[in-house]
């Protein structure tokens, strides 16, 4: 027996995947996300919303294209140690290390035994991390873009 698709309310999908309801409505109108009306409430396919949030909506866009990333351009190419970055940006070491392992932050060299990471990427990640501190919520897509960022112009 095949599994039935899961449908969730539009507002919940928008909140859960960091998208605006208007953006999801546009995708529904274009036939890119399945939707239905149940008891007067619009519901959407959770699997399709999830795929769109992590792939199609942001395909071709890199974090370097975002104005939030460019706002930290003065830090481009500046290396900073993980411990130093953790103190300077008030981010737990383990969070920075996880971002490094997932590719959200890159290494730019070494200073003896110390691994230097890209401070511009740390500042960019911290910009989106700050409002979500200590919540345990996913804030980046698998390719390092902020999940809550709205990509209306790319739909």
Working only within the stretch 107-127, note down all residues that are loosely packed, with under 12 Cβ neighbours inside 10 Å and either touching a residue at least 12 places away in the same chain (Cβ under 8 Å) or under 16 Å from residue 64 (Cα atoms) (or both). 109, 111
Condition first: on the phi < 0 side of the Ramachandran plot, modelled with pLDDT of 85 or more and surrounded by 12 or more Cβ atoms within 10 Å (Cβ to Cβ). Can you find one or more residues in the stretch 52-64 that meet it? no
Where residues in the stretch 26-48 are in a helix (DSSP H, G or I) and modelled with pLDDT of 85 or more, which of them is surrounded by the fewest Cβ atoms within 10 Å (Cβ to Cβ)? 29
Any residue that is under 26 Å from residue 49 (Cβ atoms) and at pLDDT below 95 - is there at least one of those in the stretch 72-88? no
By residue number, the members of the stretch 82-106 that are surrounded by fewer than 19 Cβ atoms within 10 Å (Cβ to Cβ), out of contact with any strand residue (DSSP E or B) (no Cβ under 7 Å at 6 or more places or on another chain) and closer than 22 Å to residue 142 by Cβ are 92, 94, 95, 97, 98, 101, 102, 103
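The values are calculated or read from the model by the stated rules, or taken from the named source; none is laboratory data. Only a predicted model underlies this, so the values are computations on that prediction, with no experimental measurement involved. Glycine also receives a Cβ, built like all others from the backbone with ideal geometry; neighbour counts cover every protein chain displayed.
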